[in-house]
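Novice: Sharing a structure with you now.
The values are calculated or read from the model by the stated rules, or taken from the named source; none is laboratory data. Everything quoted here is computed from the prediction, not taken from an experiment. FYI the Cβ positions are ideal-geometry reconstructions off the backbone, even for glycines, and counts take in every protein chain you see. With ligands, DNA and RNA removed, areas are computed over all heavy atoms of the protein, side chains included. Shrake-Rupley method; radii C 1.70, N 1.55, O 1.52, S 1.80 Å.
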Amino acid sequence: MPDSNLRPAYVVITPVRDEAAYLRFTMDSMVRQSVLPREWILVNDGSTDATEAELQNLMKQYAWLRRVRHKQSCGQSASVRTGVQAARAPLIVTLDGDGQNDPAFIPALVRALTAGDPRTGLIAGQRVGRKASWFKKLQSRIANTVRDAVLRDGTRDTG
């Protein structure tokens with residue numbers, strides 16, 4: 001188990017809202033694949049289900065988990081920002097709480113960033129085989145189209 005007193009090389013920030021059903025799966029996936037950060041901040045964004053209870057159970061089991069809580073939902077972007085403000089590590093990794101992102105890719109992304117050009121400040125993975133409602137997929141497609149029109153960087157999905 002990582003020593004929670006050491007300054008971590010990177011932190012995983014996971015915004016969660018009503019994700020009680022997925023938290024254990026995501027944790028088990030990280031443990032199974034030995035993708036164990038020294039710091040993982042879960043930002044509870046005003047959940048109304050059993051998310052808070054599941055977070056409390058996980059924190060009892062894993063000393064390197066931290067929880068930040070919004071009393072009411074502020075949205076994913078605000079949750080990521082809250083997690084970044086609470087982080088102790090110099091590198092930030094974001095991971096959705098719904099189990100659709102494979103944490104096995106985290107070490108490779110961190111290595112790519114640290115081994116890259118010193119001017120590189122961001123590495124992004126892309127979701128494949130996303131499981132979401134048609135409405136959520138439509139919202140994502142519109143947002144990505146607008147973002148691509150402005151930035152023209154060729155990034156397929158900035159989820």
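Novice: Keeping to region 98-132, report how many residues are in contact with a helix residue (DSSP H, G or I) (Cβ under 6 Å, 6 or more places away or on another chain), closer than 21 Å to E19 by Cα and small (G, A, S).
Specialist: Count: 1.
Novice: Mind counting the residues in region 13-39 that are modelled with pLDDT of 90 or more and open to solvent by less than 10 Å² (accessible area, probe 1.4 Å)?
Specialist: So the count comes out to 3.
Novice: Now, a different point. Somewhere in region 52-64, is a residue in contact with a helix residue (DSSP H, G or I) (Cβ under 8 Å, 6 or more places away or on another chain) and touching a residue at least 40 places away in the same chain (Cβ under 8 Å)?
Specialist: Yes, some residue in region 52-64 is in contact with a helix residue (DSSP H, G or I) (Cβ under 8 Å, 6 or more places away or on another chain) and touching a residue at least 40 places away in the same chain (Cβ under 8 Å).
Novice: Okay, moving on. Check G125 against each of (1) of a type outside the set (K, R); (2) surrounded by 11 or more Cβ atoms within 10 Å (Cβ to Cβ); (3) assigned to a loop (DSSP other than H, G, I, E, B); (4) at pLDDT 80 or above and name the one condition it does not meet.
Specialist: Here G125 meets the rest and fails (4).
Novice: Restricting attention to region 74-122, which residues are of a type in the set (G, A, S), open to solvent by less than 40 Å² (accessible area, probe 1.4 Å) and within 19 Å of R32 (Cβ to Cβ)? Quick ask: steps written out before the conclusion?
Specialist: Within region 74-122, the first condition is being of a type in the set (G, A, S), and the residues that meet it are 75, 77-79, 83, 86-87, 89, 97, 99, 104, 108, 112, 115-116, 121.
Next, from what is left, pick out any that are open to solvent by less than 40 Å² (accessible area, probe 1.4 Å): 75, 78-79, 83, 86-87, 89, 97, 99, 116.
Once the filter is applied, which keeps residues that are of a type in the set (G, A, S), open to solvent by less than 40 Å² (accessible area, probe 1.4 Å) and within 19 Å of R32 (Cβ to Cβ), region 74-122 yields G97, G99.
Novice: I'm checking my understanding of the structure. Among residues of region 88-122 that are assigned to a loop (DSSP other than H, G, I, E, B) and under 12 Å from the mean Cα position of the chain (by Cα), which one is nearest to L55 (Cα to Cα)?
Specialist: Of everything passing the filter in region 88-122, G97 is nearest to L55 (Cα to Cα).
Novice: Looking only at region 55-73, how many residues end up being open to solvent by less than 80 Å² (accessible area, probe 1.4 Å) and assigned to a loop (DSSP other than H, G, I, E, B)?
Specialist: 4
Novice: Test each condition in (1) modelled with pLDDT of 95 or more; (2) basic (K, R); (3) more than 12 Å from the chain's Cα centre (by Cα) for R81 and report the one that comes out false.
Specialist: With (1) modelled with pLDDT of 95 or more; (2) basic (K, R); (3) more than 12 Å from the chain's Cα centre (by Cα) applied to R81, the lone miss is (3).
Novice: A follow-up question, please. Considering (1) in contact with a helix residue (DSSP H, G or I) (Cβ under 6 Å, 6 or more places away or on another chain); (2) in a loop (DSSP other than H, G, I, E, B); (3) modelled with pLDDT under 85; (4) not basic (K, R), say which one S4 fails and leave the rest.
Specialist: (1)
Novice: On the basis of being out of contact with any strand residue (DSSP E or B) (no Cβ under 9 Å at 6 or more places or on another chain) and part of a loop (DSSP other than H, G, I, E, B), does A132 make the cut?
Specialist: yes
Yes or no, residue by residue, for (1) in contact (Cβ under 8 Å) with a residue 24 or more places away in the chain; (2) in contact with a His (Cβ under 6 Å, 6 or more places away or on another chain); (3) at positive phi:
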{"residue": "V68", "(1), (2), (3)": "yes, no, no"}
{"residue": "V84", "(1), (2), (3)": "yes, no, no"}
{"residue": "S133", "(1), (2), (3)": "no, no, no"}
{"residue": "S140", "(1), (2), (3)": "no, no, no"}
{"residue": "G154", "(1), (2), (3)": "no, no, yes"}
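Novice: Here is a check on your reading of the model: is R66 modelled with pLDDT of 80 or more, of a type outside the set (A, V, I, L, M) and in contact with a strand residue (DSSP E or B) (Cβ under 6 Å, 6 or more places away or on another chain)?
Specialist: yes
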